[in-house]
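Peer 1: Structure incoming, see below.
Read-outs throughout are calculated quantities, based only on the coordinates presented, and are distinct from any laboratory measurement. Quick caveat, the model's predicted, so the values are computed rather than measured. Reconstructed Cβ throughout: ideal geometry from the backbone, glycine too, with neighbour counts over all protein chains shown.
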Amino acid sequence: MELVDRKEEIREFLISRRAKVSPEQAGIPSYGELRRVPGLRREEVAQLAGVSTDYYTRLERGSLRGVSDAVLEAVASALRLDEAERAHLLDLARTANTPSGRTPRRPTQQRVRPGVMRLLDGMTGAAALVQNGRGDVLAANMLGRALYSEVFNSAVSSGRDVRGRLPNQARYVFLDPRAGDFYPDWNAVAAISVAMLRLESGRNPHDRALNELVGELSTGSGLFAALWAGHDVRIHTTGTKRFHHPVAGDLSLQYETLDLPGDEGQFVFTFTAEPGSASENALAFLASWAASPPETTTAPVRSHAQPGRNPGKTEPSHD
């Protein structure tokens, strides 16, 4: 990513966050006045952050080089940034302070350590995956592979297979029309996928594979391009995700995200079901199906997408 592009990213991120904060939220009386800009004005952010308007204007133009952490924290507080947004701002500033002229490079293949693989395999009651910040699935236990069989099979079945390319969550969400059936909450999953990629882009702007993925998705999906332009970021930690699995049916699973400190950029995602729930029974059935030899199971490996499963989906089908 060139320096000029980085400045543009900083500028658009700060402008987009400023537009989201109302004067009332910031404690600034508006007295019913008509405002020409959504959210706060530059001078109001500067006042809240304790810096001059000229200085904040320079920051919003993308000039973060040499800016102290104290000033960045003050700006983050003025813009009411959440944890992910604050981390993203600091990442943008860190990159702005690194020597320019670096060119994107393709990182080496990420390997999952044998100890981590044994950990995954030991989680017999949970579906578990190892992913990187781009959403590539690096490894999975048996139940994790069964749960995400649609993602693993997507590249081959869609005709987009590239030898040696890892399954990728965002590529599946935006480029496989069956994703809307697999994820009942497709719109929310799509927004989160983009926000996670945007956060990773702030951390690793010179990741050539990430930049190529963003380019591919921007070209192949108008919705991805629109969401990417929103500059939203998100840290994926814990929550509930719903699936409509072609074998196990409907599942509602709780997920947890665990960093691997010894393997920078790798994360373990685990999925479990509420004890005594229908989802627990469905997950147990899926585990039994996954453990069955292919010739003895009568359950279909795949199913065609069912029209109408996701009425809220706004992205058109891909030819």
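Peer 1: What are the residues in segment 226-252 that are out of contact with any Leu (no Cβ under 7 Å at 6 or more places or on another chain), part of a strand (DSSP E or B) and crowded, with 19+ Cβ neighbours inside 10 Å, if any?
Peer 2: Correct list: His244 only.
Peer 1: Out of all the residues in segment 165-220, which are within 12 Å of the chain's Cα centre (by Cα) and not in a helix (DSSP H, G or I)?
Peer 2: If the condition is that a residue be within 12 Å of the chain's Cα centre (by Cα) and not in a helix (DSSP H, G or I), then Asn168 is the only one that fits.
Peer 1: Taking the options Gly62, Gly66, name whichever one is surrounded by fewer than 18 Cβ atoms within 10 Å (Cβ to Cβ) and in a loop (DSSP other than H, G, I, E, B).
Peer 2: Values: Gly62 fails: surrounded by fewer than 18 Cβ atoms within 10 Å (Cβ to Cβ).
After applying the criteria, what remains is Gly66.
Peer 1: Still on this model: Give the number of residues within segment 210-225 that are of a type in the set (Gly, Ala, Ser) and buried (at least 20 other Cβ atoms within 10 Å of the Cβ).
Peer 2: Summing the residues that are of a type in the set (Gly, Ala, Ser) and buried (at least 20 other Cβ atoms within 10 Å of the Cβ) in segment 210-225 gives 1.
Peer 1: Could you run through segment 257-285 and say how many residues are of a type in the set (A, V, I, L, M, F, W, C), in contact with a Leu (Cβ under 7 Å, 6 or more places away or on another chain) and not in a strand (DSSP E or B)?
Peer 2: 3
Peer 1: Does Gly135 fit the bill of being of a type outside the set (Phe, Trp, Tyr) and on the phi > 0 side of the Ramachandran plot?
Peer 2: So Gly135 passes the test.
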